[in-house]
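Values quoted throughout were computed directly from the atomic coordinates according to the rules given, and no laboratory measurement underlies them. Only a predicted model underlies this, so the values are computations on that prediction, with no experimental measurement involved. Backbone-built Cβ (ideal geometry, glycine too); neighbour counts: all protein chains shown.
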Amino acid sequence: MPAKLLFQLDTDAHPSVFDTVVGYDGGADQVIGHSGVTPESVGGLVEGAIFTRGAKEKRFTALFLGGASMAAGQALLDAVRGKFYGGFRVSVMLDSNGANTTAAAGVALLAKASPIAGKRAVVLGGTGPVGMRVAGLLALEGAHVSITGRKLDRTQAAADAVGRRFAVQVGAVEAADDAARARAADGCAIIYAAGAIGHQLIAQADWQSNASAQLVADVNPEPPFGIGGIAANDRARDYDGKLAFGALGIGGLKLRLHRACIGRLFEQNDLVLDAEAILAIAKEMA
Ligand code: NAP
């Protein structure tokens, strides 16, 4: 059997160490990192992957696209797919900033706990790569989604970008402090905190007194957590009828999901793993 080669194409100055380790743990025999990869420079790398092995052996070569910027990763994925034609293709996964796997793991756990369709959801600190993916996936699942950020123009731009990427409607709410974010969560069944590491976004009293809140989730792994009063390991922990998911409760599935996705890349030569396909796998695993 040919060696399973994973080409890690990273848009940053250094290929992510996290993604390299998970590449091996997911089943690659060799992970080869390239940094500073752009849509303009990726063509030759893709040609090397698609023109080298015969039809039956192409599945043993795969591409992983990463880096801090999901916008840069998405543009890279478009460029990579633009090079594929006929049988000349290999499987490819996009997970810039870990945003697809993190968002998919969280949304899959929520969906397992309670139906998402028709619910109102707010993604607090939703302007970053993880929050934007969470917003898009919740909307695809049928929720009515808003995101909050501290400045309206930046928040609106993020909501619009989610809307374009996922063909959904996402609202934008300026909420610069915990009290404003608590107001933004009024009437929401789902409160999902996706803010920067080590920052609380909503106080314990505010979500616990929110009559509409049913599911609260947080991906910030460092205290103070995004959702006040929950524990990092919470996974559908019941707080007086509201189910909570903490960063490690979600992160355990995220890591297993990332590994499983790498494994699947080597099962066929035409798999494209972006947010929607990764969510489908997460739902199987949740
Ligand atoms: P990020 O881009 O660093 O931050 C998300 C948003 O937080 C920013 O766009 C910003 O929005 C807001 N923010 C920044 N500082 C703030 C402050 N002092 N107060 C309130 N809001 C603030 O986050 P990310 O990379 O998308 O990641 C989101 C979270 O997921 C992070 O906590 C990260 O550590 C975690 N994460 C977890 C995993 C996992 O496996 N569990 C994987 C990846 C990431 P505005 O400037 O628009 O307000």
Q) Condition test on residue 75, is it surrounded by fewer than 19 Cβ atoms within 10 Å (Cβ to Cβ) and closer than 21 Å to residue 259 by Cα? A) no
Q: Kindly provide the set of residues from the stretch 202-248 that are touching a residue at least 24 places away in the same chain (Cβ under 8 Å), assigned to a strand (DSSP E or B) and more than 23 Å from residue 179 (Cβ to Cβ), ordered by number.
A: 235, 236, 243, 245
Q: Test residue 196 against the criterion of being within 21 Å of residue 220 (Cα to Cα) and in contact with a Gly (Cβ under 7 Å, 6 or more places away or on another chain), and give yes or no.
A: yes
Q: Run down 41, 16, 35 and say which single residue is at negative phi, small (Gly, Ala, Ser) and without any contact (Cβ under 8 Å) to a residue 24 or more places away in the chain.
A: 41
Q) In this structure, is residue 246 touching a strand residue (DSSP E or B) at 6+ places or on another chain (Cβ under 8 Å), small (Gly, Ala, Ser) and buried (at least 17 other Cβ atoms within 10 Å of the Cβ)? A) yes
Q. All but one of (1) of a type outside the set (Asp, Glu); (2) within 17 Å of residue 16 (Cβ to Cβ); (3) within 16 Å of the ligand (Cβ to nearest atom) hold for residue 110; which doesn't?
A. (2)
Q: Enumerate the pairs (first residue in the stretch 175-187 and free of Cβ contacts under 8 Å to residues at least 24 places away in the same chain; second residue anywhere and within 12 Å of the ligand (Cβ to nearest atom)) with beta-carbon separation below 8 Å, excluding pairs fewer than 6 apart on the same chain, so at least 6 apart or on different chains.
A: 183/175
Q. When you go through 121, 111 one by one, which is the residue that is more than 29 Å from residue 269 (Cα to Cα) and surrounded by fewer than 24 Cβ atoms within 10 Å (Cβ to Cβ)?
A. 111
Q) Out of 24, 85, which single residue is without any contact (Cβ under 8 Å) to a residue 60 or more places away in the chain and within 24 Å of residue 248 (Cα to Cα)? A) 24
Q. In the stretch 212-240, which residue that is surrounded by fewer than 15 Cβ atoms within 10 Å (Cβ to Cβ) and farther than 18 Å from residue 253 by Cβ is farthest from the ligand (Cβ to nearest atom)?
A. 240
Q: Give the residue that is surrounded by the fewest Cβ atoms within 10 Å (Cβ to Cβ), with candidates limited to residues of the stretch 125-157 that are more than 15 Å from the chain's Cα centre (by Cα) and either near the ligand (Cβ under 8 Å from one of its atoms) or on the phi > 0 side of the Ramachandran plot (or both).
A: 151
Q: Please enumerate the residues belonging to the stretch 193-211 that are among the hydrophobic types (A, V, I, L, M, F, W, C) and more than 15 Å from the ligand (Cβ to nearest atom).
A: 205, 207, 211
